[in-house]
Amino acid sequence: MKPLAAFVREHPRFVVAHRGASAVAPENTLAAINTAIAAGIPMVEVDVQLTSDGHVVLFHDRTVGRTTSGRGRMHRFRYSELSTLDAGEWFDPTYRGERVPLLEEALRLLRSAKTYASIEIKPPAEGENLPTRLERIAAVVEQCQMTEHALFSSFHHESLRLLRQILPRCHTAAINIPGDRRAPSEIARAVGCEAFVCSLRECTRWRVEDALAAGLYVGVYTVNTVAQLERVLRYPVTAIVSNNPAAIQRELAMRATE
């Protein structure tokens, strides 16, 4: 498996599975990751947070009610409690029994499949120790030998700055904070990142051109339809983030043969 930097150089455009293949399987589960892997998607994006006892898990929301059988704030659960919740039936009964996975489980699965990881670090919970949080995340990535094969992203740019101190070899992408009108190059100088990620609405020519001029590559979320893809393809965007990555990858492949 090539280092991420080499992969990006050799692939001017690729698809990223958003929270796994989250249009066809429950988000941030091993089922969603396996679905993306089976479709040949080169990179899988997941969200990470910490449980109350310090385990790094895949989870998006602040509360567990939307995507599990439980209720309450995610960071108040111990992993032994969180792991008992059903994280699949809300999506479809066929996924009953899916659970909230550890980041370690996801990374080992991705590494075995030679698939890159995009790890979105969610903003810290109130009162959470940020350096300790990032050290735990970095330790898992290093333990799984994925430092050279993972891209860390966040809306919380301070997390990215601190992470680079903890894990100097890491790859980082700043996600544009909604309403932030700063140029990508300015954000990159403040954060020290190598990539810039923005929403489909924020994907404009001036942003993309500014990012490229600063030596950044650009990712855009969330691209789920042909119309949305056509909008993105107006610009030299590298990473196309989709809930239905297989469909978007097929569309790109068809266009490449035309």
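Rule-based calculations on the coordinates, nothing more; no lab input. Everything numeric here is computed off the predicted structure, so don't read it as measured data. Cβ placement follows ideal geometry from the backbone for every residue including glycine, while neighbour counts extend to all protein chains displayed.
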Expected vector for segment 196-212, Karplus 3J(HN,Hα) from phi with 6.51, -1.76, 1.60 and θ = phi - 60°, integer Hz, x for Gly and Pro, equals 10, 10, 9, 6, 4, 5, 8, 7, 10, 4, 5, 5, 5, 5, 5, 4, 5
Check which residues have an amide H placed less than 5 Å from VAL15's amide H, if you skip close sequence neighbours. ILE240
For the chain, built as a Gaussian network whose Cα springs stay under 10 Å, the top-fluctuating residue of ALA188, ALA113, ALA36: ALA113
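Take every DSSP beta bridge with both residues inside the chain and express the antiparallel ones as a percent of the total, to the nearest 5.
Values: 5 of 36 bridges.
Given both bridge residues lie in the chain, the antiparallel proportion sits at roughly 15 percent.
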The ³J(HN,Hα) series, computed from each phi in segment 23-40 with the Karplus coefficients 6.51, -1.76 and 1.60 at θ = phi - 60°, rounded to the nearest Hz and given as x for glycine or proline, is 7, 10, 8, x, 4, 6, 10, 5, 4, 5, 5, 4, 5, 5, 4, 4, 7, x
Out of PRO124, PRO12, PRO101, any idea which swings most in a Gaussian network model of the chain, alpha carbons joined below 10 Å? PRO12
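Compute the normalised compactness of segment 1-71: alpha-carbon radius of gyration over 2.2 N^0.38 Å, N being the residue count. Walk me through the numbers before you get to the answer.
On the way: Rg = 14.4 Å, N = 71, 2.2 N^0.38 = 11.1 Å.
Its radius of gyration relative to the 2.2 N^0.38 Å reference: 1.30.
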Going fewest to most other Cβ atoms within 10 Å around each Cβ, THR51, THR132, THR68 line up as THR132, THR51, THR68
Please list, in order along segment 108-124, the HN-Hα scalar couplings obtained from phi with the Karplus expression 6.51 cos²θ - 1.76 cosθ + 1.60 (θ = phi - 60°), rounded to whole Hz, x for Gly and Pro. 5, 5, 5, 4, 5, 9, 6, 10, 7, 10, 10, 10, 8, 8, 6, x, x
Cut-off under 5 Å, modelled amide H: who pairs with LEU200 long-range: TYR221, THR222
Computed [θ] at 222 nm, deg cm²/dmol, the chain (DSSP H ≥ 4; -39,500 (n - 2.57); rounded to nearest 500): -10000 deg cm²/dmol
Overall Cα dimensions of segment 4-257, principal axis frame, Å, largest first: 47, 40, 34
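At most 16 other Cβ atoms within 10 Å and a DSSP loop assignment: could you name the trypsin sites (Lys or Arg not before Pro) in segment 1-105 that fit? Before the final figure, lay out the partial values.
Working: sites: ARG9, ARG13, ARG19, ARG62, ARG66, ARG71, ARG73, ARG76, ARG78, ARG96, ARG99; in loops: ARG13, ARG19, ARG62, ARG66, ARG71, ARG78, ARG96, ARG99.
Answer by residue number: ARG13, ARG62, ARG66, ARG71, ARG78, ARG96.
How high is the relative contact order of segment 4-257, in percent, with contacts defined as C-alpha pairs under 8 Å that are six or more residues apart? Intermediate values should be presented prior to the final figure.
Numbers: 500 pairs, mean separation 50.4, N = 254.
Reported relative contact order: 20 percent.
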